[in-house]
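For reference, the structure is listed below as C-alpha cells.
The values are calculated or read from the model by the stated rules, or taken from the named source; none is laboratory data. All values derive from a computational prediction rather than experimental measurement. Every residue, glycine as well, gets a Cβ built from its backbone with ideal geometry; the counts of neighbours run over all protein chains shown.
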Amino acid sequence: MKEKKREIDETNITGFFDKNTKINGELEFKGSFRIDGYFQGKINSESILIVGENGKVEADIKVGNVIISGETKGNIHAKEKVEIHSSGRVFGNIISPKLSIEEGAYLEANCQTIDNPPNPIKESKPLEKEDEKPEDEI
C-alpha cells in the first residue's frame, strides 16, 4: 500500500507560543505547533514544529518535520524532514532523512541524512589460509 505524503501546511497551526513568551519544560503536541517566543527543554511530536523568525529554542527535538526560521540549539531528530530558512540559525546535531537549507541560513551542526543509522563496524582480523605464505618464504 502506498504511503500518502504529508503536505506541510504552515498556516494550519494547532498550538502557538507568541514572542515575549518564555517556557521551560517538556512539550508534546499533535498537529502543527509554532514557537515565536523562547522555549527550553524537550519537544516530542510526530507532527510539524515551526520555529518562527522571533523564535529561540534550546531543546532536544524529536518531531516528524521541523521548519526553522529562528534559532535552535540542541539535538534535532526529524522522522521526515528538517527545513532551515534563510533567517534560520541552527547549532547542534541534526538527524533526518531529508535536510533543506536555504541560502543565507546559518548552520553550525553535525548532520546525518539517513533513515536509520548503520550498525557499528566490528573490528576483525582477516582470515589467513594455511597454505598461503609470503613470497620471501617460498
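Being among the polar types (S, T, N, Q) and either buried (at least 17 other Cβ atoms within 10 Å of the Cβ) or under 19 Å from Asp36 (Cα atoms) (or both) is the filter here, so list the residues in the stretch 76-100 that pass it. Answer for the stretch 76-100, where residues must be among the polar types (S, T, N, Q) and either buried (at least 17 other Cβ atoms within 10 Å of the Cβ) or under 19 Å from Asp36 (Cα atoms) (or both): Ser86, Ser87, Ser96. Put simply, of Lys73, Lys79 the only residue that is part of a strand (DSSP E or B), within 21 Å of Asn12 (Cβ to Cβ), free of Cβ contacts under 8 Å to residues at least 60 places away in the same chain and among the charged types (D, E, K, R) is Lys79.
Would it be correct to say that Asn12 is at pLDDT 95 or above, in contact with a strand residue (DSSP E or B) (Cβ under 9 Å, 6 or more places away or on another chain) and surrounded by fewer than 18 Cβ atoms within 10 Å (Cβ to Cβ)? In short, no. Summed over the stretch 23-53, residues that are within 16 Å of Ile68 (Cα to Cα), surrounded by fewer than 20 Cβ atoms within 10 Å (Cβ to Cβ) and aromatic (Phe, Trp, Tyr) total 1.
Could you say whether any residue in the stretch 82-93 is of a type in the set (Asp, Glu) and touching a Ser or Thr at 6+ places or on another chain (Cβ under 9 Å)?
Yes, that holds for at least one residue.
Checked against (1) assigned to a loop (DSSP other than H, G, I, E, B); (2) of a type outside the set (Ser, Thr, Tyr); (3) touching a His at 6+ places or on another chain (Cβ under 9 Å), Lys62 passes all but a single condition, namely (1).
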